1. Give the whole-number value, in cubic angstrom per residue, of the convex hull volume spanned by the C-alpha atoms of the chain.
2. Please check: in the Gaussian network model of the chain (C-alpha springs, under 10 Å), which one of Asn27, Asn16, Asn35 has the largest mean-square fluctuation.
3. Roughly how many debye, to the nearest 20, is the charge dipole of the chain about its Cα centre, given +1 on each Lys and Arg Cβ, -1 on each Asp and Glu Cβ, and no other charges?
4. Please list, or write none, the lysines whose alpha carbon is within less than 30 Å of the alpha carbon of Lys48, excluding same-chain residues fewer than 8 places away.
5. What number comes out for the charge environment of Ala23, summing +1 per Lys or Arg and -1 per Asp or Glu over other residues with Cβ under 12 Å away?
6. Have a look at Cys6, Ala23, Val47 and report the one farthest towards the positive end of the charge dipole of the chain, computed about the Cα centre with Cβ charges (Lys/Arg +1, Asp/Glu -1).
Amino acid sequence: VVCVKCARAHDTKDCNKALQVPATCTNCRGNHPVNYLRCPALLAFPVKKNKI
């Protein structure tokens with residue numbers, strides 16, 4: 001389990017990081033949460049399309 005806010009090993013609900021402090025991405029170490037859709041590391045992965 002990795003916190004979405006601070007990239008440390010605990011649940012996000014248990015994080016004590018202040019709201020004024022930017023989140024830390026576990027993928028690129030940027031100042032955004034790990035689930036940010038414009039994360040450079042996330043954008044680097046190819047998108048898989050489902051064939052029906």
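Nothing in this text is a laboratory measurement; each read-out follows from the coordinates by a stated rule. Computed from a predicted model, the values in this text were never measured in an experiment. Positions of Cβ are generated from backbone atoms using ideal geometry, with glycine treated the same way; all protein chains shown enter the neighbour counts.
1. Numbers: hull volume 5.2 nm³, N = 52.
Value for the chain: 100 Å³ per residue.
2. Asn16
3. For this selection, approximately 260 debye.
4. Qualifying lysines at Cα under 30 Å: Lys5.
5. On the way: positive: Lys5, Arg8, Lys17, Arg29; negative: none.
Overall, the nearby charge balance is +4.
6. Val47
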